[in-house]
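Enquirer: Attaching a single structure in structure tokens format; questions to follow.
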Amino acid sequence: MGALERIGEWLDERTGWRGALREATEHPVAGGPSWASAMAAAVAACFGVLALTGVALMTTYEPSPQSAWASVFYVQFVQDRGWIVRGLHHWAAQGLVALAALQVVHGAWAGGYRKPREVAWWLTLLLVALAVGEGITGGLLPWDQRGWWARVVEGNILGLAPAVGGWLQRMMQGGPELGAIGLARAYTMHVALLPVAIALVLAARRRLARRAGWGGGAATGPWAQQVARSVLVALFVVVAVFAATGWTRGAPLDAPADPMSDYPARPEWFLLTLFELRKLCHGAGELWGTTLAPLAVAGYLALLPWIDRAGRPRALTVKLPLAAIVAGALALAVLPLRKDARDARYAKQRAGADALAAAAVKLAMQGVPPEGALAMMRHDPELRGEALFEQHCASCHVLGDAGDARKATAAKLDGWGTPGWIAAMIHDPDAPQFFGRGPYAEEMPSVDVRPAKKPADEPWSPTIASEAEKRAVAMFLAAQGDEPGDPPRAVDAATRALGEKIVSERCTTCHLYGGQGDDDGSGIAPELRGYGSVAWTRAQVADPATARTYRDQALDPKRKKHMPRFDGDLSAADVDLVARWTRAHARGVPLR
Amino acid sequence: MADDDRTDRRRALRVLAVAGGVVGCGALAVPTARFLLSPARGGASAGRWIPAGRLDALREGEPKRVALVADRRDAWTLEKQVELGAVWLLREGDAVRAWSATCPHLGCAVGLSPSGPGFYCPCHDSAFDAAGRRLSGPSPRDLDSLDTRVQDGVVLVDFRRFRQGTAGKDPVG
């Protein structure tokens, strides 16, 4: 007798573990081995993967609104093999919901609810509900846009329940809004209450199956065959979960939850049927379509043991309704997917959300501040600058994707201050992309085109006629906006001198250059020294009427659609940021 | 006599065990339940006047989405001057109309309609006209209008939240 055997013997004498093991693995299976009972093994395999990877994830995850997204980001993108663990968890969760639902469909079709298996049947129905509950609570934990918005909507759906709705909603959300306590509650349910309940259901189902079998198979045979089938199916499930994880490189992670954003919320796939029902049924039909119909389906399934009675045609009482339910649920789930696939607006919003998610990951790679991932996004100059431009500038200006060229009333800023922009502008200042649709339309004459309104007998000569002069002016003015750190500009001294000479002699009839000029005192044309620089842009955003850019006429109420001052609306830091962002994106130089 | 004695003692022990169990479990359950139920206490929101930018930044007939910045408390966290919620502002002369940007149906963010004037919720396709009135989709009521006033050229909004999904406009905490 080897040492190991002696230890085993010693333990068996005191614990009886050999008998327990035999009982667990060699107990005869009632009804004989069947693929139906192997499906239970597939469910158990999913649960096993979830428990193992779930505990592993708990060792890194931190459930707070400040840390949740950052810790999930860390798991997915930084921690060694983190994406595998998270991906396995994600895909095993999809598998658990799908397989539990499949068991219900199979059980209903094959009569697995018949005496004496009613209780096991109800436990299977309960399992689907618990698995969906795990999916819903788990979806919130990353605290990303996808999960957060879906839960906000579901919280409000909960709030619609008669009498107790508002109370239930506050219980789940941890208050009137989804916040820190709501996240902690979802976490508690996800890692403690629901998994324990699922484990109990699985154990109880197994005990009941020992008594009466899983149903659906009548053949008798040795138990060993069942173990082989179960192991085979469980292995297949694990391989499939690994394959899905490798294929998707883990699990998706959207940008950090932002309650201020426009996010086209969509639920998990297993809730798509209910989602579509909610869109289709409203008004008087809402309660029927979104609450009573799903409840009726659940009630029908739970009552199958009494609905399916000897003497009633089973095709009518079970098979036809079941086929209708499955077909209806699938059709309703596919409908919103197809609709979104064809919806250009949704595609645009989704693309924006994906771009934001990528930007968030890129930023987080440099470290997330203790105030959290959303604060990280809010303080990032690139993202914040874009948001400020969108909110405050894009209703009049166009720059890149921001603004609507059809509605713009101010200059299109792509290329603003570059030689090409200046050369085109001084040739045709009233073009729609320059000043033609704004408050300064018809104020600036072209440097080389005779004004259409000028009577034919009046003498006229171009301000700047030759291409070389125009080029010199464009290069010189563009260089006014150059900042240290911008790509170097190749302008030879002669061109620069020619440009400065023309600007200071010919443009100052109306413009200021270094505070001098505006010979006829019109008070309209802007300062050209430093035109397009950070200081110039910042001064213009803060207050266009200081003579550092434009002058007091700039805010004249008679000058319709003039640019407002922003130093009252925006903090000095935001004025500076939006100026630097706009200048950098207009000129195509790095933001610094 | 001895048998009766034993039965009495058993009964007494059973009563004691049950009563003790009830008292013990109750002593544990009451504070635990109160603890768990504490966030469920609701109340109407007080509303507060929050600045929403300068009047001259708004243009007639052009709705503008504005983020309201104020202090925000979430359980133990107090965030100073963060974006609290969004509203849609529409200038009408020297007055401003305001609507909460939260969809009265189920709380998604309401955007501008892709087709023509008005508002639209991307979650369940509720549509509203330019005056916030319900046009189509599942929303049970019009967009939630908010009170505004203009003071020294600055628009102030009385920011409140309302219960979602109900036909009536019930304020929530």
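Enquirer: Quick check on this structure: which one of A:Trp143, A:Trp149, A:Trp109 is within 25 Å of A:Trp269 (Cβ to Cβ) and touching a strand residue (DSSP E or B) at 6+ places or on another chain (Cβ under 8 Å)?
Expert: Working: A:Trp149 fails: touching a strand residue (DSSP E or B) at 6+ places or on another chain (Cβ under 8 Å); A:Trp109 fails: touching a strand residue (DSSP E or B) at 6+ places or on another chain (Cβ under 8 Å).
Of A:Trp143, A:Trp149, A:Trp109, the one residue that is within 25 Å of A:Trp269 (Cβ to Cβ) and touching a strand residue (DSSP E or B) at 6+ places or on another chain (Cβ under 8 Å) is A:Trp143.
Enquirer: Next up: So which of B:Leu78, B:Leu90 ends up being within 19 Å of the chain's Cα centre (by Cα), assigned to a strand (DSSP E or B) and more than 9 Å from chain A (Cβ to nearest Cβ)?
Expert: Working: B:Leu90 fails: within 19 Å of the chain's Cα centre (by Cα).
That would be B:Leu78, the only listed residue that is within 19 Å of the chain's Cα centre (by Cα), assigned to a strand (DSSP E or B) and more than 9 Å from chain A (Cβ to nearest Cβ).
Enquirer: Which condition number does B:Val110 fail, the rest of (1) modelled with pLDDT of 90 or more; (2) not assigned by TED's automatic domain parsing to the domain that holds B:Thr166 being met?
Expert: Here B:Val110 clears every test but (2).
Enquirer: Just to be sure before I move on: is A:Ala327 free of Cβ contacts under 8 Å to residues at least 12 places away in the same chain, closer than 24 Å to A:Lys279 by Cα and outside the structural domain of A:Ala108 (by TED's automatic domain parsing) in the structure I sent? If you could, list the steps in order and put the result at the bottom.
Expert: Working: free of Cβ contacts under 8 Å to residues at least 12 places away in the same chain: yes; closer than 24 Å to A:Lys279 by Cα: yes; outside the structural domain of A:Ala108 (by TED's automatic domain parsing): yes.
Judged against the criteria, A:Ala327 is a match.
Enquirer: A further question follows. From the list A:Gly328, A:Gly372, A:Gly352, A:Gly367, which residue is at positive phi and either touching an Asp or Glu at 6+ places or on another chain (Cβ under 9 Å) or loosely packed, with under 15 Cβ neighbours inside 10 Å (or both)?
Expert: On the way: A:Gly328 fails: at positive phi; A:Gly372 fails: either touching an Asp or Glu at 6+ places or on another chain (Cβ under 9 Å) or loosely packed, with under 15 Cβ neighbours inside 10 Å (or both); A:Gly352 fails: at positive phi.
Going through A:Gly328, A:Gly372, A:Gly352, A:Gly367 in turn, the sole match is A:Gly367.
Enquirer: For the condition closer than 30 Å to A:Ala373 by Cβ, assigned by TED's automatic domain parsing to the domain that holds A:Gly87 and out of contact with any Gly (no Cβ under 6 Å at 6 or more places or on another chain), what is the one hit in A:Pro336, A:Pro259?
Expert: On the way: A:Pro336 fails: assigned by TED's automatic domain parsing to the domain that holds A:Gly87.
Going through A:Pro336, A:Pro259 in turn, just one is closer than 30 Å to A:Ala373 by Cβ, assigned by TED's automatic domain parsing to the domain that holds A:Gly87 and out of contact with any Gly (no Cβ under 6 Å at 6 or more places or on another chain): A:Pro259.
Enquirer: Of everything in the stretch A:49-69, what is in contact (Cβ under 8 Å) with a residue 40 or more places away in the chain, surrounded by fewer than 22 Cβ atoms within 10 Å (Cβ to Cβ) and among the small types (Gly, Ala, Ser)? Give them in sequence order.
Expert: Those that are in contact (Cβ under 8 Å) with a residue 40 or more places away in the chain, surrounded by fewer than 22 Cβ atoms within 10 Å (Cβ to Cβ) and among the small types (Gly, Ala, Ser): A:Ala51, A:Gly54, A:Ser64, A:Ser67.
Enquirer: Can you report the number of residues in the stretch B:46-68 which are within 17 Å of B:Val150 (Cβ to Cβ), more than 9 Å from chain A (Cβ to nearest Cβ) and among the small types (Gly, Ala, Ser)?
Expert: 1
Enquirer: For the stretch A:347-374, give me each residue that is within 22 Å of A:Gln391 (Cβ to Cβ), without any contact (Cβ under 8 Å) to a residue 40 or more places away in the chain and within 12 Å of another protein chain (Cβ to nearest Cβ).
Expert: A:Lys348, A:Gly352
Enquirer: Additional query: State yes or no: is A:Ala344 without any contact (Cβ under 8 Å) to a residue 60 or more places away in the chain and either crowded, with 17+ Cβ neighbours inside 10 Å or not hydroxyl-bearing (Ser, Thr, Tyr) (or both)? Before you say what the answer is, go through the steps one by one.
Expert: Values: without any contact (Cβ under 8 Å) to a residue 60 or more places away in the chain: yes; either crowded, with 17+ Cβ neighbours inside 10 Å or not hydroxyl-bearing (Ser, Thr, Tyr) (or both): yes.
Yes; evaluated as a whole, the condition is true for this residue.
Enquirer: Given the conditions (1) more than 9 Å from chain A (Cβ to nearest Cβ); (2) over 28 Å from A:Ala284 (Cα atoms); (3) surrounded by fewer than 18 Cβ atoms within 10 Å (Cβ to Cβ), report the number of the one that B:Pro171 does not fulfil.
Expert: Here B:Pro171 meets the rest and fails (2).
Enquirer: Please find, within the stretch B:93-109, the residue that is farthest from the other protein chains (Cβ to nearest Cβ) out of those that are among the aliphatic types (A, V, I, L, M) and over 19 Å from A:Glu390 (Cβ atoms). Even if it seems obvious, please write down each step before you answer.
Expert: Within the stretch B:93-109, the first condition is being among the aliphatic types (A, V, I, L, M), and the residues that meet it are B:95-96, B:98, B:101, B:106, B:109.
If we keep only those that are over 19 Å from A:Glu390 (Cβ atoms) as well, we get B:95-96, B:98, B:106.
Working: B:Ala95: 18, B:Val96: 14, B:Ala98: 16, B:Leu106: 4 Å.
Filtering the stretch B:93-109 for residues that are among the aliphatic types (A, V, I, L, M) and over 19 Å from A:Glu390 (Cβ atoms), the one farthest from the other protein chains (Cβ to nearest Cβ) comes out as B:Ala95.
Enquirer: Here is a follow-up. Helices (runs of 4 or more DSSP H) wholly in the stretch A:270-370 with at least 2 residues that are farther than 24 Å from A:Thr124 by Cβ - which ones?
Expert: Details: elements: A:272-280, A:293-302, A:304-307, A:320-342, A:344-364.
Passing ranges, in order: A:272-280, A:320-342, A:344-364.
One line per residue, one yes/no per condition, for (1) among the aliphatic types (A, V, I, L, M); (2) at pLDDT 95 or above; (3) surrounded by fewer than 18 Cβ atoms within 10 Å (Cβ to Cβ); (4) farther than 14 Å from A:Ile198 by Cα:
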{"site": "A:Val97", "(1), (2), (3), (4)": "yes, yes, no, no"}
{"site": "A:Ala108", "(1), (2), (3), (4)": "yes, no, no, yes"}
{"site": "A:Gly112", "(1), (2), (3), (4)": "no, no, no, yes"}
{"site": "A:Arg117", "(1), (2), (3), (4)": "no, no, no, yes"}
{"site": "A:Ala120", "(1), (2), (3), (4)": "yes, no, no, no"}
{"site": "A:Leu140", "(1), (2), (3), (4)": "yes, yes, no, yes"}
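Enquirer: Tell me whether the stretch A:272-290 contains one or more residues that are aliphatic (A, V, I, L, M), away from chain B (no Cβ under 14 Å) and closer than 29 Å to A:Gln94 by Cβ.
Expert: Looking for residues that are aliphatic (A, V, I, L, M), away from chain B (no Cβ under 14 Å) and closer than 29 Å to A:Gln94 by Cβ, one finds none in the stretch A:272-290, hence no.
Enquirer: Of the numbered conditions (1) among the charged types (D, E, K, R); (2) touching a residue at least 24 places away in the same chain (Cβ under 8 Å); (3) more than 12 Å from every other protein chain (Cβ to nearest Cβ), B:Asp71 satisfies every one except a single condition; which is it?
Expert: Only one criterion in (1) among the charged types (D, E, K, R); (2) touching a residue at least 24 places away in the same chain (Cβ under 8 Å); (3) more than 12 Å from every other protein chain (Cβ to nearest Cβ) is unmet by B:Asp71, namely (2).
Enquirer: So in the stretch A:60-74, with the set limited to residues that are out of contact with any strand residue (DSSP E or B) (no Cβ under 9 Å at 6 or more places or on another chain) and not small (Gly, Ala, Ser), which one is farthest from A:Thr188 (Cα to Cα)?
Expert: A:Tyr74
Enquirer: From the list B:Pro122, B:Pro104, exactly one residue is in a loop (DSSP other than H, G, I, E, B), within 22 Å of B:Asp158 (Cβ to Cβ) and in contact with a Pro (Cβ under 8 Å, 6 or more places away or on another chain). Which is it?
Expert: Values: B:Pro122 fails: within 22 Å of B:Asp158 (Cβ to Cβ).
Of B:Pro122, B:Pro104, the one residue that is in a loop (DSSP other than H, G, I, E, B), within 22 Å of B:Asp158 (Cβ to Cβ) and in contact with a Pro (Cβ under 8 Å, 6 or more places away or on another chain) is B:Pro104.
Enquirer: In the list A:Val78, A:Val55, which residue meets the criterion of being modelled with pLDDT of 95 or more, out of contact with any strand residue (DSSP E or B) (no Cβ under 9 Å at 6 or more places or on another chain), closer than 19 Å to A:Tyr187 by Cα and not small (Gly, Ala, Ser)?
Expert: Working: A:Val78 fails: closer than 19 Å to A:Tyr187 by Cα.
Answer to the check: A:Val55.
Enquirer: Which of (1) within 30 Å of A:Leu304 (Cα to Cα); (2) touching a Pro at 6+ places or on another chain (Cβ under 6 Å); (3) buried (at least 19 other Cβ atoms within 10 Å of the Cβ) does A:Ala150 not meet, given it meets every other one?
Expert: So the condition that A:Ala150 fails would be (1).
Enquirer: Sticking with this one: Just to verify a result, which residue in the stretch B:129-146, among those that are within 12 Å of chain A (Cβ to nearest Cβ) and in a strand (DSSP E or B), is modelled with the lowest pLDDT?
Expert: Step one: list which residues in the stretch B:129-146 are within 12 Å of chain A (Cβ to nearest Cβ), which gives B:134, B:136-141.
From what is left, the residues that are in a strand (DSSP E or B) are B:134, B:136.
On the way: B:Arg134: 93, B:Ser136: 88.
The selected residue is B:Ser136.
Enquirer: Might you check whether a residue that is at the interface with chain A (Cβ under 10 Å from one of its Cβ atoms), closer than 18 Å to A:Ser395 by Cβ, free of Cβ contacts under 8 Å to residues at least 40 places away in the same chain and in contact with a helix residue (DSSP H, G or I) (Cβ under 8 Å, 6 or more places away or on another chain) occurs anywhere in the stretch B:111-128?
Expert: Within the stretch B:111-128, one or more residues are at the interface with chain A (Cβ under 10 Å from one of its Cβ atoms), closer than 18 Å to A:Ser395 by Cβ, free of Cβ contacts under 8 Å to residues at least 40 places away in the same chain and in contact with a helix residue (DSSP H, G or I) (Cβ under 8 Å, 6 or more places away or on another chain).
Enquirer: Within the stretch B:61-75, can you find the residues that are assigned to a strand (DSSP E or B), over 18 Å from the mean Cα position of the chain (by Cα) and surrounded by fewer than 17 Cβ atoms within 10 Å (Cβ to Cβ)?
Expert: Step one: list which residues in the stretch B:61-75 are assigned to a strand (DSSP E or B), which gives B:62, B:64-74.
Narrowing further to those that are over 18 Å from the mean Cα position of the chain (by Cα): B:62, B:64-66.
The one that is assigned to a strand (DSSP E or B), over 18 Å from the mean Cα position of the chain (by Cα) and surrounded by fewer than 17 Cβ atoms within 10 Å (Cβ to Cβ): B:Glu62.
Enquirer: Return the residue satisfying two criteria in turn: it lies in the stretch B:147-171 and is of a type outside the set (D, E, K, R) and in a loop (DSSP other than H, G, I, E, B), and of such residues it is nearest to B:Leu55 (Cα to Cα). Spell out the reasoning first.
Expert: Taking the stretch B:147-171 and keeping what is of a type outside the set (D, E, K, R), we get B:148, B:150-151, B:153-157, B:159, B:162, B:164-168, B:171.
Keeping just the survivors that are in a loop (DSSP other than H, G, I, E, B) gives B:153, B:164-168.
Numbers: B:Gly153: 5, B:Gln164: 30, B:Gly165: 32, B:Thr166: 32, B:Ala167: 32, B:Gly168: 30 Å.
This residue is B:Gly153.
Enquirer: Further question: A:Ala465 fails exactly one of the following numbered conditions: (1) of a type in the set (A, V, I, L, M); (2) surrounded by fewer than 17 Cβ atoms within 10 Å (Cβ to Cβ); (3) farther than 21 Å from A:Asp492 by Cα. What is the number of that condition?
Expert: Tallying (1) of a type in the set (A, V, I, L, M); (2) surrounded by fewer than 17 Cβ atoms within 10 Å (Cβ to Cβ); (3) farther than 21 Å from A:Asp492 by Cα, A:Ala465 fails exactly one: (3).
Enquirer: For the stretch B:22-50, give me each residue that is assigned to a strand (DSSP E or B) and at pLDDT 90 or above. Walk me through it before giving the result.
Expert: Filtering the stretch B:22-50 down to residues assigned to a strand (DSSP E or B) leaves B:48-50.
Of everything in the stretch B:22-50, those that are assigned to a strand (DSSP E or B) and at pLDDT 90 or above turn out to be B:Trp49, B:Ile50.
Enquirer: Here's another thing I want to ask about it. Collect the residues in the stretch A:548-558 that are crowded, with 16+ Cβ neighbours inside 10 Å and assigned to a loop (DSSP other than H, G, I, E, B), keeping them in residue-number order. Break it down into steps so the answer makes sense when it comes.
Expert: Within the stretch A:548-558, the first condition is being crowded, with 16+ Cβ neighbours inside 10 Å, and the residues that meet it are A:548-551, A:553-555.
Selection gives A:Arg548, A:Thr549, A:Tyr550, A:Arg551.
The values are calculated or read from the model by the stated rules, or taken from the named source; none is laboratory data. The model shown is predicted, which means the values in this text are computed figures rather than measured ones. Note that we place each Cβ from the backbone using ideal geometry, even for glycine, and neighbour counts take in every protein chain shown.
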